[in-house]
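A.B. asks: Take a look at this one; I'll ask things after.
Please treat every number below as a calculation from the coordinates, not as lab data. Because the structure is predicted, anything quoted here is derived from the model rather than measured. Reconstructed Cβ throughout: ideal geometry from the backbone, glycine too, with neighbour counts over all protein chains shown.
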Amino acid sequence: MDLSLKIWRQARANEEGEFKTYQAKNVSPEASFLEMLDEVNEELNATGEDPIAFEHDCREGICGACGVMINGSPHGPQSGTATCQLHMRKFEDGDSITIEPWRATAFPVLKDLIVDRAPFDRIMEAGGYISVNTGAAPDANIIAVPKWSAESAMDAASCIGCAACVAACPNSAANLFTAAKTQHLNLLPQGKPERYLRAAAMVETMEQYFGSCTNYGECEKACPKNISIDFIAMMNKDYVRAQFFNMARQGQK
Amino acid sequence: MTTTTRAEVEARQGWRSWLGGFFSSSVGLKWLMALTGFGLLLYVLVHMIGNLKVFLGTDAAGEYHIDLYGEALRNLGGDLVPHESILWLFRIGLLALFGIHIYAAWVLTLRNRSARGKERYEHKRNYEAVNYANRTMRWGGVLVLLFVLFHIADLTVGWANPDFVEGAVHDNLVASLSQPIVAIFYLAAQVALAFHIYHGAWSLWQSLGIVNPRYKAFRRYFAVAFAATVFIGNTAIIVAVWSGYIS
């Protein structure tokens, strides 16, 4: 199949970018979206033009590196998959495809389709971990984990941090990411001791960079892992509880 | 912009930082918006139910039931308290609810605009979850606010109503709504209010974090039922007066 690609080209951060149109000839319907871009880049290399820069790593939907806006849909038209798992059979011969980087003030474009997602790292630093003592491995099953919380936590933990939620959100809010990253720990016994500190620190770090949730639900639809916005509600509750239950110094003179 | 550390959170003490958590954080503001929104929902429902008294007509003494209802509101608390005092407490409370709700909307809208930035997607966004109700929350909310201001000027203080007589609720209502232009504005405001409630009455549970599977399905039913009830009740009055059923 032959395709016409309209792609955002920007040489480096803080420089004006523009859309350029490229023709992709003889694209196999079996090719993945990134393989299609690889082939276009092969041709650009041959002509001496700078290849299109895009992020990618595992190419099996678990790393969260890839992710572009394809015809106005984050990760393209197929629901529940990252860009790397989108295949060209989802498109028709002769289609024109617009490929853009994620857009948000917090995510400046570094080059072409690559954006700087460092604010996600700042959110993780604030509390996306649990504190444990190192040493010998603890006995298996020494902490009882209820089945329901293991299941919910696992759903939240499937977040790969691709930032499609921010790209999809009309407010550029990162609530789905932050909710997934707080709740996959807050739902488990191992995460409970730091639950409210985590919620407060991660939410307030998030708010320094991103907009606020207006419950549109676009993030949920865009998420390649189909993470539910129910986790946002749980995070909201934990954040408000963190205001009411600051445990520090209670009962102390 | 830096990371807010857990040590910083833990070090906070006192009520100022407590209040700050609600009034400075976006999640806190949304929580306040949900709570005040819930209060305003209750008000809108009670207001609608009370106004349906216009359909009861007159009592044996020839007094309109809705006029008596208005007098009862002014006389809340009876002889225990000064006349209209309880009513004024309610009014102050309502004003606070409106104030916090609008303040939160204003602050969050500005934050969202700046988080979104100047760059727009070239290709039209393929929205899947966004609908008319949630996309019009901001402008629909402004329309509802303008309506409320006009409504107060029209039927509470009478500035916008040349035939206004204090206490004659029924006659004021008929004088106002029998003008087609006013009736159309009231109807348009009811449509805007219904959409605003339809999203708000669902969204508030999300902002408050009430999402347990036990009652999760109830949230959507609640929003639909609430929006429909308020819309049908209020438009019934407008249509009844406009069509001459109530005169």
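A.B. asks: Of A:T105, A:V40, A:V27, whose Cα points farthest to the positive end of the dipole of segment A:3-110 (charges on the beta-carbon: +1 Lys, Arg; -1 Asp, Glu; origin at the Cα centre)?
C.D. replies: Sorting the options by dipole projection puts first A:T105.
A.B. asks: Here's a follow-up. Apply the Karplus curve 6.51 cos²θ - 1.76 cosθ + 1.60, θ = phi - 60°, to the phi angles in segment A:50-62 and return the couplings in whole Hz, x for Gly and Pro.
C.D. replies: So the Karplus estimates, Gly and Pro as x, are 4, x, 6, 8, 9, 7, 6, 8, 6, 6, 10, x, 10 Hz.
A.B. asks: Of the DSSP beta bridges with both residues in the protein assembly as shown, give the percent that are antiparallel, rounding to the nearest 5.
C.D. replies: In the protein assembly as shown, DSSP labels about 75 percent of beta bridges as antiparallel.
A.B. asks: If you plug each phi of segment A:152-157 into the Karplus form 6.51 cos²θ - 1.76 cosθ + 1.60 with θ = phi - 60°, what whole-Hz ³J(HN,Hα) values come out, in order, with x for Gly and Pro?
C.D. replies: Ordered by residue, 3J(HN,Hα) equals 5, 4, 5, 4, 5, 5 Hz.
A.B. asks: Across the residues of A:202-210, average count of Cβ atoms on other protein chains within 10 Å?
C.D. replies: That works out to 6 on average.
A.B. asks: Give the residues of segment A:183-203 whose amide nitrogen is closer than 18 Å to a point set 7 Å from the Cα of A:A144 in the direction of its Cβ.
C.D. replies: Label zone hits: A:187-193.
A.B. asks: With θ set to phi - 60° and the Karplus curve 6.51 cos²θ - 1.76 cosθ + 1.60, what are the ³J(HN,Hα) couplings of segment A:132-149 in order, to the nearest whole Hz, using x for Gly and Pro?
C.D. replies: Those phi angles translate into 10, 7, 7, x, 5, 4, x, 4, 5, 6, 6, 9, 6, 10, x, 4, 4, 6 Hz.
A.B. asks: Ignore the peptide's own chain and count Cβ atoms of other chains within 10 Å of each Cβ in A:68-78; give me the average, rounded.
C.D. replies: Mean number of neighbouring Cβ atoms from other chains: 3.
A.B. asks: Using the count of nearby Cβ atoms within 10 Å as a rough guide to exposure, how do B:S114, A:S32, B:S178 rank from fewest to most?
C.D. replies: In order of increasing Cβ crowding within 10 Å: B:S114, B:S178, A:S32.
A.B. asks: While we're here: Give me the angle, in degrees from 0 to 90, between the Cα long axis of helix A:195-207 and the longest principal axis of the Cα atoms of chain A, rounded to the nearest 10.
C.D. replies: The angle comes out near 40 degrees.
A.B. asks: Here's another thing I want to ask about it. Among A:K6/B:K118; A:K111/A:K192; A:K20/B:K118; B:K30/B:K118; A:K25/A:K225; A:K181/A:K253, which pairs are too far apart, with a Cα-Cα distance over 29 Å?
C.D. replies: Details: A:K6/B:K118 20 Å; A:K111/A:K192 40 Å; A:K20/B:K118 20 Å; B:K30/B:K118 24 Å; A:K25/A:K225 31 Å; A:K181/A:K253 35 Å.
Violating the 29 Å limit, Cα to Cα: A:K111/A:K192; A:K25/A:K225; A:K181/A:K253.
A.B. asks: Could you sort A:149-162, B:56-69 so that the peptide with the highest average Cβ count within 10 Å comes first and the rest follow in order?
C.D. replies: Descending mean neighbour count gives A:149-162, B:56-69.
A.B. asks: Given the rule -39500 (n - 2.57) for each run of at least 4 DSSP H residues, summed and divided by the residues of the protein assembly as shown, what is its mean residue ellipticity at 222 nm, to the nearest 500 deg cm²/dmol?
C.D. replies: Value at 222 nm, helices only: -17000 deg cm²/dmol.
A.B. asks: What residues have an amide H closer than 5 Å to that of A:I97, excluding those fewer than 5 places away on the same chain, when H is modeled at 1.01 Å from N in the peptide plane?
C.D. replies: Residues meeting the criterion, in which the H sits 1.01 Å from N, are A:S4, A:L5, A:K6.
A.B. asks: If you put +1 on each Lys and Arg Cβ and -1 on each Asp and Glu Cβ, how big is the dipole of segment A:17-67 around its Cα centre, in Debye rounded to 20?
C.D. replies: Using only the charged Cβ atoms, the result is roughly 140 debye.
A.B. asks: Residues of B:4-17, mean number of Cβ from any other protein chain within 10 Å of their own Cβ, rounded to a whole number?
C.D. replies: 5
A.B. asks: Mind checking which helices in chain B clear 27 Å along their axis (Cα) and have mean Kyte-Doolittle hydropathy of 0.5 or more, DSSP H runs only?
C.D. replies: B:26-51, B:85-116, B:180-208, B:213-242
A.B. asks: In terms of modelled amide H atoms, which long-range or inter-chain residues lie less than 5 Å from the amide H of A:A173?
C.D. replies: Those qualifying (amide H under 5 Å, at least 5 residues apart or on another chain) are A:G211.
A.B. asks: Taking amide hydrogens as modeled 1.01 Å from N in the peptide plane, which residues meet the under 5 Å criterion relative to B:I246, leaving out close sequence neighbours?
C.D. replies: Sorted by chain and number, the residues that satisfy this are B:V241.
A.B. asks: Let me check against my output: what whole-number percent is the relative contact order of chain A, with C-alpha pairs under 8 Å and at least 6 apart? Could you put the intermediate results ahead of the total?
C.D. replies: On the way: 441 pairs, mean separation 48.5, N = 253.
The normalised contact order for chain A reaches 19 percent.
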